[in-house]
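Worksheet for the structure shown next.
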Amino acid sequence: MIVIIDYGIGNLTSVLNMFKRIGINEVCISSDPNIIDKADKILLPGVGAFDAGMENLEKSGLISLLSKRVLQDKIPTLGICLGMQLLTQKSEEGLKNGLGWIDAETVKFKVDTGSGLKVPHMGWSYINVKKQNPLIDIDFKSRFYFVHSYYVKCYDSNQSIATSVFGNEFTCAVNKDNIFGTQFHPEKSLKFGMKVLQNFAKL
């Protein structure tokens, strides 16, 4: 069972619906500790601000259980968009500490005024797979849908498994052991995102 964590923030239903659309039915949305404790995989979605996300997780009382399932039980875990950013140590967007499950921090895009680019980075972008991994096992010309003003900066470059470009190259997918993250939204990325979610289900 894949459990999509309900902590009061994020586009949970669209993620669930995309799993259903690709024929993966062993998936649910839950904040029930008993269900999370039996999960085979965990997905942490999210949209919005870093501190709000961490505050909601703290209020949910789930951080201790999630840390056990992820760091001790080593079940496959995927963070999407804000969910990926919450995996890091901290963010320039807020004051709270992140979950600290990956060796990274979340930083704000800084684009040249003459570039014509405007933050947030929004829309479709191609990605560059940096190292072979089971999540981003996709076609070279795959593109994904992004909506974000902050991105993850890895302390250990080996944990950056894919990049994209918005002004400069930035990490758009990470992997550390059983922990994965995508800055893009696979649930909004049509066939390319479907493939990523299929790959996650197979982990």
Number of the condition not met by VAL152 [criteria: (1) closer than 14 Å to THR182 by Cα; (2) at pLDDT below 95]: (2)
Restricting to the range 186-203, what's the tally of residues that are of a type in the set (D, E, K, R) and buried (at least 22 other Cβ atoms within 10 Å of the Cβ)? 1
Hey, GLY53 hits all of (1) small (Gly, Ala, Ser); (2) closer than 20 Å to ILE136 by Cα; (3) in a helix (DSSP H, G or I) but one; which does it fall short on? (2)
Which residues, taken from the range 137-178, are more than 17 Å from the chain's Cα centre (by Cα) and among the charged types (D, E, K, R)? ASP139, LYS141, ASP156, GLU169
In the range 58-108, which residues are among the hydrophobic types (A, V, I, L, M, F, W, C), farther than 21 Å from VAL27 by Cβ and either touching a helix residue (DSSP H, G or I) at 6+ places or on another chain (Cβ under 9 Å) or in a loop (DSSP other than H, G, I, E, B) (or both)? ILE63, LEU95, LEU99, TRP101, ILE102, ALA104
Could you grab me the full set of residues in the range 111-134 that are closer than 14 Å to GLY167 by Cα, assigned to a loop (DSSP other than H, G, I, E, B) and free of Cβ contacts under 8 Å to residues at least 24 places away in the same chain? GLY116, LYS118
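So, of the residues in the range 135-159 that are of a type in the set (Phe, Trp, Tyr) and in a loop (DSSP other than H, G, I, E, B), which turns out to be surrounded by the most Cβ atoms within 10 Å (Cβ to Cβ)?
TYR155
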Taking the range 160-185 as the region of interest, how many residues are assigned to a loop (DSSP other than H, G, I, E, B) and either surrounded by fewer than 24 Cβ atoms within 10 Å (Cβ to Cβ) or hydrophobic (A, V, I, L, M, F, W, C) (or both)? 4
Pairs only if they're at least six apart or on different chains, beta carbon under 7 angstrom, first in the range 64-91 and on the phi > 0 side of the Ramachandran plot, second assigned to a loop (DSSP other than H, G, I, E, B) and modelled with pLDDT under 95; list them, first residue then second. CYS81/GLY46; CYS81/VAL47
If LEU197 passes every condition in (1) closer than 18 Å to LEU82 by Cβ; (2) in contact with a strand residue (DSSP E or B) (Cβ under 8 Å, 6 or more places away or on another chain) but one, which one does it miss? (2)
Within the range 5-26, the count of residues that are more than 17 Å from the chain's Cα centre (by Cα) and of a type in the set (Val, Ile, Thr) comes to 2
Mind checking whether some residue in the range 40-52 is surrounded by fewer than 16 Cβ atoms within 10 Å (Cβ to Cβ), out of contact with any strand residue (DSSP E or B) (no Cβ under 7 Å at 6 or more places or on another chain) and farther than 25 Å from THR88 by Cβ? no
The range 8-28 - residue that is part of a helix (DSSP H, G or I) and touching a helix residue (DSSP H, G or I) at 6+ places or on another chain (Cβ under 7 Å) and, of those, surrounded by the most Cβ atoms within 10 Å (Cβ to Cβ): VAL15
Residue in the range 29-50 that is farthest from LYS202 (Cα to Cα), counting only those that are outside any loop (DSSP other than H, G, I, E, B) and in contact (Cβ under 8 Å) with a residue 40 or more places away in the chain: PHE50
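The values are calculated or read from the model by the stated rules, or taken from the named source; none is laboratory data. In this text the structure is predicted, and so the values were computed from the model without any measurement. Note that we place each Cβ from the backbone using ideal geometry, even for glycine, and neighbour counts take in every protein chain shown.
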